[in-house]
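Right, one structure below, let's go through it.
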Amino acid sequence: MKKNRGLIMAIAALVMLLSSSGPVFACTVEGDFNTPGAYSCTAEDLWTMLEGTGGGISQPSPPMNPSNHNWREGDYVLVTGKDGSRALYSVGELDTNFAPVGTGATLTLNKKGGYDLAGEGRAVKDVFNIDVVKAVPIGKGVETVHPFSTLLVVSGEGITPQTYNLADL
Amino acid sequence: MTQETFNASSSTTNTNGIWTGPTLLSVLEASGVDTRDMNSYVVISATDGYATVLSMYEVAHKTGSQFDLLAISSASGTSINCGTTCAAGDNGFARLTLPNDTAAGRWVSNVDEIVVYTLWPNEANGH
(Lines give C-alpha, C1' and ligand atoms only; values in the text may rest on other atoms or scores of the structure.)
Protein backbone atom coordinates (compact mmCIF):
# COMPACT_ATOMS: atom_id res chain seq x y z
CA MET A 1 0.00 0.00 0.00
CA LYS A 2 2.79 2.36 1.00
CA LYS A 3 4.61 1.44 -2.19
CA ASN A 4 1.54 2.32 -4.27
CA ARG A 5 1.08 5.63 -2.47
CA GLY A 6 4.68 6.53 -3.07
CA LEU A 7 4.40 5.61 -6.74
CA ILE A 8 1.22 7.70 -7.12
CA MET A 9 2.88 10.68 -5.47
CA ALA A 10 5.92 10.32 -7.71
CA ILE A 11 3.75 10.16 -10.81
CA ALA A 12 1.72 13.17 -9.64
CA ALA A 13 4.91 15.14 -9.07
CA LEU A 14 6.18 14.18 -12.51
CA VAL A 15 2.90 15.18 -14.15
CA MET A 16 2.99 18.55 -12.37
CA LEU A 17 6.58 19.06 -13.46
CA LEU A 18 5.87 18.18 -17.08
CA SER A 19 2.63 20.14 -17.28
CA SER A 20 4.22 23.32 -16.01
CA SER A 21 7.09 24.44 -18.17
CA GLY A 22 7.36 27.88 -16.58
CA PRO A 23 7.43 29.09 -12.98
CA VAL A 24 4.10 29.40 -11.19
CA PHE A 25 3.28 32.90 -9.92
CA ALA A 26 0.54 34.70 -7.99
CA CYS A 27 -2.10 34.84 -10.65
CA THR A 28 -5.34 33.02 -11.36
CA VAL A 29 -6.44 31.57 -14.66
CA GLU A 30 -10.06 30.53 -14.91
CA GLY A 31 -13.06 30.39 -17.20
CA ASP A 32 -14.10 28.18 -20.10
CA PHE A 33 -11.92 25.11 -19.61
CA ASN A 34 -12.78 21.45 -20.07
CA THR A 35 -12.33 21.11 -16.31
CA PRO A 36 -13.53 24.39 -14.84
CA GLY A 37 -11.69 25.76 -11.84
CA ALA A 38 -9.23 28.35 -10.65
CA TYR A 39 -5.68 27.51 -11.66
CA SER A 40 -2.28 29.04 -11.16
CA CYS A 41 -0.60 30.92 -13.98
CA THR A 42 2.74 29.87 -15.33
CA ALA A 43 5.30 32.13 -16.93
CA GLU A 44 5.50 30.96 -20.51
CA ASP A 45 3.88 31.42 -23.89
CA LEU A 46 0.25 32.33 -23.23
CA TRP A 47 -1.23 29.78 -25.60
CA THR A 48 0.96 27.00 -24.21
CA MET A 49 -0.19 27.87 -20.73
CA LEU A 50 -3.86 27.85 -21.71
CA GLU A 51 -3.48 24.52 -23.48
CA GLY A 52 -1.97 23.08 -20.31
CA THR A 53 -4.66 24.40 -17.97
CA GLY A 54 -7.86 22.62 -16.94
CA GLY A 55 -7.62 20.10 -19.74
CA GLY A 56 -7.45 22.88 -22.29
CA ILE A 57 -10.05 25.40 -23.41
CA SER A 58 -13.49 23.86 -23.51
CA GLN A 59 -14.22 21.68 -26.51
CA PRO A 60 -17.74 20.31 -26.02
CA SER A 61 -18.84 17.01 -27.45
CA PRO A 62 -19.50 16.33 -30.21
CA PRO A 63 -16.30 18.00 -31.35
CA MET A 64 -16.20 19.95 -34.55
CA ASN A 65 -13.26 19.48 -36.88
CA PRO A 66 -10.56 20.52 -34.40
CA SER A 67 -8.08 21.65 -37.02
CA ASN A 68 -10.53 23.78 -38.92
CA HIS A 69 -13.80 24.56 -37.17
CA ASN A 70 -13.94 24.21 -33.43
CA TRP A 71 -15.82 25.52 -30.45
CA ARG A 72 -12.94 27.60 -29.22
CA GLU A 73 -13.48 30.14 -31.96
CA GLY A 74 -16.27 31.58 -29.81
CA ASP A 75 -13.98 32.43 -26.91
CA TYR A 76 -11.74 35.33 -26.00
CA VAL A 77 -8.98 35.67 -23.42
CA LEU A 78 -8.79 38.65 -21.09
CA VAL A 79 -5.50 39.27 -19.28
CA THR A 80 -5.66 41.73 -16.37
CA GLY A 81 -2.83 43.43 -14.50
CA LYS A 82 -2.69 44.73 -10.94
CA ASP A 83 -2.95 48.30 -12.25
CA GLY A 84 -6.17 47.48 -14.08
CA SER A 85 -4.61 47.35 -17.52
CA ARG A 86 -6.02 44.65 -19.78
CA ALA A 87 -5.26 42.82 -22.98
CA LEU A 88 -7.93 41.06 -24.99
CA TYR A 89 -7.12 38.29 -27.46
CA SER A 90 -9.52 36.15 -29.41
CA VAL A 91 -8.75 32.48 -28.94
CA GLY A 92 -8.57 32.19 -32.71
CA GLU A 93 -5.58 34.52 -32.92
CA LEU A 94 -3.76 32.60 -30.18
CA ASP A 95 -4.65 29.09 -31.33
CA THR A 96 -1.90 27.84 -33.59
CA ASN A 97 -4.42 25.64 -35.41
CA PHE A 98 -5.68 28.82 -37.00
CA ALA A 99 -2.79 31.23 -36.73
CA PRO A 100 0.36 29.17 -37.28
CA VAL A 101 2.63 31.98 -36.17
CA GLY A 102 0.52 32.80 -33.09
CA THR A 103 0.80 36.15 -31.40
CA GLY A 104 4.00 35.71 -29.44
CA ALA A 105 2.09 36.67 -26.29
CA THR A 106 4.33 35.57 -23.44
CA LEU A 107 4.45 36.01 -19.67
CA THR A 108 7.89 36.96 -18.43
CA LEU A 109 9.46 37.98 -15.12
CA ASN A 110 9.85 41.73 -14.61
CA LYS A 111 12.40 43.59 -12.51
CA LYS A 112 10.01 43.88 -9.56
CA GLY A 113 9.38 40.18 -9.33
CA GLY A 114 6.00 40.26 -11.03
CA TYR A 115 5.13 38.85 -14.42
CA ASP A 116 4.28 40.92 -17.48
CA LEU A 117 2.46 39.96 -20.64
CA ALA A 118 3.73 41.21 -23.97
CA GLY A 119 2.91 40.21 -27.49
CA GLU A 120 1.25 41.31 -30.72
CA GLY A 121 0.71 44.92 -29.77
CA ARG A 122 -0.74 44.33 -26.33
CA ALA A 123 0.94 44.48 -22.94
CA VAL A 124 -0.06 44.09 -19.29
CA LYS A 125 2.16 44.70 -16.28
CA ASP A 126 2.01 42.51 -13.18
CA VAL A 127 -0.55 40.07 -14.49
CA PHE A 128 -2.84 38.73 -11.78
CA ASN A 129 -5.81 37.27 -13.65
CA ILE A 130 -6.40 35.50 -16.95
CA ASP A 131 -9.97 34.72 -17.90
CA VAL A 132 -11.17 32.61 -20.81
CA VAL A 133 -14.66 33.73 -21.75
CA LYS A 134 -17.17 32.00 -23.99
CA ALA A 135 -18.51 34.96 -25.96
CA VAL A 136 -20.73 33.14 -28.41
CA PRO A 137 -21.71 29.51 -29.02
CA ILE A 138 -20.32 28.20 -32.26
CA GLY A 139 -22.64 25.99 -34.24
CA LYS A 140 -22.04 25.44 -37.89
CA GLY A 141 -25.33 24.42 -39.44
CA VAL A 142 -27.12 24.39 -36.09
CA GLU A 143 -29.90 26.59 -37.40
CA THR A 144 -32.43 24.60 -39.39
CA VAL A 145 -33.26 27.50 -41.67
CA HIS A 146 -30.27 29.20 -43.20
CA PRO A 147 -30.97 31.21 -46.32
CA PHE A 148 -28.06 32.73 -48.18
CA SER A 149 -27.20 36.12 -46.82
CA THR A 150 -28.24 39.17 -48.82
CA LEU A 151 -27.59 41.79 -46.19
CA LEU A 152 -25.84 42.20 -42.88
CA VAL A 153 -26.47 44.27 -39.78
CA VAL A 154 -23.74 45.90 -37.71
CA SER A 155 -24.70 46.70 -34.13
CA GLY A 156 -23.18 47.27 -30.73
CA GLU A 157 -23.43 49.31 -27.62
CA GLY A 158 -23.56 53.03 -28.31
CA ILE A 159 -24.10 52.80 -32.05
CA THR A 160 -27.21 52.84 -34.18
CA PRO A 161 -27.57 49.51 -35.99
CA GLN A 162 -26.59 49.79 -39.63
CA THR A 163 -27.79 47.54 -42.43
CA TYR A 164 -25.66 46.88 -45.51
CA ASN A 165 -26.52 45.16 -48.76
CA LEU A 166 -24.19 44.34 -51.62
CA ALA A 167 -24.41 47.81 -53.17
CA ASP A 168 -23.48 49.39 -49.83
CA LEU A 169 -20.31 47.35 -49.59
CA MET B 1 -16.57 51.43 -49.90
CA THR B 2 -12.96 51.13 -50.88
CA GLN B 3 -12.22 47.63 -52.14
CA GLU B 4 -9.13 45.65 -51.22
CA THR B 5 -7.87 42.38 -52.59
CA PHE B 6 -6.50 39.40 -50.72
CA ASN B 7 -4.73 36.52 -52.44
CA ALA B 8 -5.30 33.55 -50.14
CA SER B 9 -2.63 31.36 -51.64
CA SER B 10 -1.80 29.51 -48.42
CA SER B 11 -5.29 28.65 -47.25
CA THR B 12 -7.38 25.54 -47.65
CA THR B 13 -8.73 24.52 -51.02
CA ASN B 14 -12.15 26.10 -50.73
CA THR B 15 -10.67 29.42 -49.77
CA ASN B 16 -7.65 29.70 -52.04
CA GLY B 17 -7.86 32.46 -54.60
CA ILE B 18 -8.25 36.18 -54.90
CA TRP B 19 -10.91 37.77 -52.71
CA THR B 20 -12.10 41.36 -52.99
CA GLY B 21 -14.24 43.52 -50.74
CA PRO B 22 -14.16 46.23 -48.10
CA THR B 23 -12.08 45.70 -44.99
CA LEU B 24 -13.99 44.71 -41.90
CA LEU B 25 -12.35 47.72 -40.27
CA SER B 26 -13.86 50.13 -42.82
CA VAL B 27 -17.32 48.62 -42.37
CA LEU B 28 -17.10 49.05 -38.60
CA GLU B 29 -15.83 52.61 -38.94
CA ALA B 30 -18.66 53.44 -41.34
CA SER B 31 -21.05 52.13 -38.70
CA GLY B 32 -19.72 54.45 -36.02
CA VAL B 33 -17.79 51.82 -34.05
CA ASP B 34 -14.84 53.03 -31.98
CA THR B 35 -12.20 50.79 -33.51
CA ARG B 36 -9.48 52.22 -31.24
CA ASP B 37 -10.97 50.53 -28.19
CA MET B 38 -8.85 47.42 -27.75
CA ASN B 39 -11.04 46.26 -24.88
CA SER B 40 -13.71 45.31 -27.34
CA TYR B 41 -14.35 42.31 -29.52
CA VAL B 42 -16.41 41.52 -32.58
CA VAL B 43 -18.73 38.58 -33.18
CA ILE B 44 -19.34 37.80 -36.85
CA SER B 45 -22.26 35.45 -37.45
CA ALA B 46 -23.70 33.61 -40.43
CA THR B 47 -27.18 32.57 -41.45
CA ASP B 48 -26.44 28.93 -40.53
CA GLY B 49 -25.61 29.79 -36.93
CA TYR B 50 -21.87 29.72 -37.40
CA ALA B 51 -19.89 32.52 -35.77
CA THR B 52 -16.40 33.58 -34.84
CA VAL B 53 -14.88 36.07 -32.42
CA LEU B 54 -12.23 38.62 -33.34
CA SER B 55 -10.44 40.95 -30.97
CA MET B 56 -10.64 44.57 -32.01
CA TYR B 57 -6.87 44.50 -32.21
CA GLU B 58 -6.85 41.94 -34.99
CA VAL B 59 -9.61 43.83 -36.84
CA ALA B 60 -7.73 47.13 -36.63
CA HIS B 61 -4.29 45.81 -37.57
CA LYS B 62 -2.90 44.15 -40.63
CA THR B 63 -1.53 40.65 -40.85
CA GLY B 64 1.45 41.23 -43.10
CA SER B 65 0.11 43.73 -45.58
CA GLN B 66 -3.50 42.66 -45.32
CA PHE B 67 -6.53 43.61 -43.25
CA ASP B 68 -9.42 41.22 -42.63
CA LEU B 69 -11.89 41.52 -45.51
CA LEU B 70 -15.60 41.18 -46.00
CA ALA B 71 -15.20 39.67 -49.43
CA ILE B 72 -18.01 40.26 -51.91
CA SER B 73 -16.28 38.83 -54.97
CA SER B 74 -13.86 36.04 -55.75
CA ALA B 75 -11.65 35.40 -58.72
CA SER B 76 -11.15 31.78 -57.70
CA GLY B 77 -14.43 30.43 -58.98
CA THR B 78 -15.77 30.07 -55.48
CA SER B 79 -19.34 31.24 -55.60
CA ILE B 80 -20.05 34.46 -53.78
CA ASN B 81 -22.56 37.17 -54.47
CA CYS B 82 -24.66 34.48 -56.12
CA GLY B 83 -28.04 36.20 -55.70
CA THR B 84 -30.91 33.92 -56.69
CA THR B 85 -28.59 31.26 -58.09
CA CYS B 86 -26.99 30.31 -54.77
CA ALA B 87 -26.49 26.61 -54.20
CA ALA B 88 -25.21 24.48 -51.36
CA GLY B 89 -21.74 25.55 -50.34
CA ASP B 90 -22.09 29.08 -51.63
CA ASN B 91 -20.99 32.02 -49.57
CA GLY B 92 -23.99 34.31 -49.73
CA PHE B 93 -23.22 37.92 -50.52
CA ALA B 94 -20.31 38.38 -48.13
CA ARG B 95 -17.63 36.17 -46.64
CA LEU B 96 -15.25 37.08 -43.85
CA THR B 97 -11.70 36.30 -44.98
CA LEU B 98 -8.83 36.36 -42.49
CA PRO B 99 -5.23 36.46 -43.71
CA ASN B 100 -4.12 35.36 -40.25
CA ASP B 101 -6.12 32.14 -40.49
CA THR B 102 -4.56 29.79 -42.99
CA ALA B 103 -6.81 26.95 -41.81
CA ALA B 104 -9.73 29.17 -42.85
CA GLY B 105 -11.69 27.84 -39.90
CA ARG B 106 -12.62 31.31 -38.79
CA TRP B 107 -13.71 32.42 -42.22
CA VAL B 108 -17.45 33.02 -42.12
CA SER B 109 -19.64 32.54 -45.19
CA ASN B 110 -23.11 34.03 -45.47
CA VAL B 111 -22.35 36.81 -43.01
CA ASP B 112 -25.55 38.38 -41.78
CA GLU B 113 -24.65 39.92 -38.43
CA ILE B 114 -21.72 41.75 -36.87
CA VAL B 115 -21.98 42.73 -33.21
CA VAL B 116 -19.38 44.74 -31.32
CA TYR B 117 -19.06 44.20 -27.57
CA THR B 118 -17.11 46.50 -25.28
CA LEU B 119 -15.91 45.52 -21.82
CA TRP B 120 -16.75 47.90 -19.02
CA PRO B 121 -13.78 50.02 -17.86
CA ASN B 122 -13.74 48.53 -14.38
CA GLU B 123 -14.71 45.04 -15.35
CA ALA B 124 -12.06 42.89 -13.67
CA ASN B 125 -12.70 40.05 -16.02
CA GLY B 126 -15.18 38.84 -18.55
CA HIS B 127 -17.76 37.51 -16.08
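Within region A:36-52, find all residues whose amide N lies under 12 Å from a label point positioned 7 Å from the Cα of A:Leu109 along Cα-to-beta-carbon.
Once the point is set 7 Å along Cα→Cβ of A:Leu109, A:43 turn out to lie under 12 Å by backbone N, inside region A:36-52.
Could you go through region B:21-28 in sequence order and give the Karplus-derived ³J(HN,Hα) for each residue, using 6.51 cos²θ - 1.76 cosθ + 1.60 with θ = phi - 60°, rounded to whole Hz, and x for Gly and Pro?
Values, residue by residue: x, x, 6, 4, 4, 5, 5, 5 Hz.
For region A:22-164, what D do you get in µm² per second when you plug the Kirkwood radius from alpha-carbon pairs into Stokes-Einstein at 4 °C and 1.567 mPa s? Numbers along the way, then the final one.
Numbers: Rh = 16.6 Å.
The Stokes-Einstein estimate is 78 µm²/s.
Considering all projection directions equally, how large on average is the shadow of the alpha-carbon convex hull of region A:66-131, in square nanometres? Write down the numbers at each step before the final one.
On the way: hull surface 18.4 nm².
Result: a mean projected hull area of 4.6 nm².
Order B:Asp34, A:Asp32 by their accessible area, 1.4 angstrom probe, all chains in place, largest first. It would help to have the intermediate numbers written out before the result.
Details: B:Asp34 75, A:Asp32 30 Å².
Highest to lowest solvent-accessible surface, that is B:Asp34, A:Asp32.
In whole Å, largest first, what are the principal axis extents of the Cα atoms in region A:86-169?
55, 30, 21
Hey, could you grab the Kirkwood Rh for region B:4-118? Inverse mean 1/r over distinct alpha carbon pairs, Å, one decimal. Working shown, then result.
Working: mean 1/r = 0.0708 Å⁻¹.
Mean inverse Cα-Cα distance, inverted, gives 14.1 Å.
Leaving out ligands, DNA and RNA but keeping every protein chain, what accessible area does A:Thr160 have, in Å² rounded to the nearest 10, with a 1.4 Å probe?
Around 100 Å² of this residue is reachable by solvent.
Just to make sure I understand: if all protein chains stay in place, what is the order of B:Cys86, A:Cys41 by accessible area at 1.4 Å, largest first? Mind showing how you got there, number by number?
Values: B:Cys86 25, A:Cys41 0 Å².
Greatest to least solvent exposure: B:Cys86, A:Cys41.
Could you tell me the calculated FRET efficiency between B:Thr5 and B:Thr118, based on Cβ-Cβ distance and R0 = 35 angstrom, to the nearest 0.05? Present the calculation step by step, with values, prior to reporting the outcome.
Working: r = 31 Å, r/R0 = 0.88.
With R0 = 35 Å, the Cβ-Cβ based efficiency is 0.70.
Simple spin-label model, 7 Å along Cα-to-Cβ: A:Leu151 to A:Ser40 in nm?
Going by the 7 Å Cα→Cβ label model, 5.6 nm.
Kindly state, to the nearest 0.05, the FRET efficiency for A:Asn165 paired with A:Lys125, given R0 = 41 Å and r defined as their beta-carbon distance. Please list the in-between numbers first.
Details: r = 46 Å, r/R0 = 1.11.
Rounded to the nearest 0.05, the efficiency is 0.35.
The values are calculated or read from the model by the stated rules, or taken from the named source; none is laboratory data. These figures come from a predicted structure and were not determined experimentally. A quick note on method: Cβ atoms are made from the backbone with ideal geometry, for glycine too, and the neighbour counts reach across all protein chains shown. What goes into the accessible areas is simple: the full protein's heavy atoms, side chains included, and nothing from ligands, DNA or RNA. Shrake-Rupley method; radii C 1.70, N 1.55, O 1.52, S 1.80 Å.
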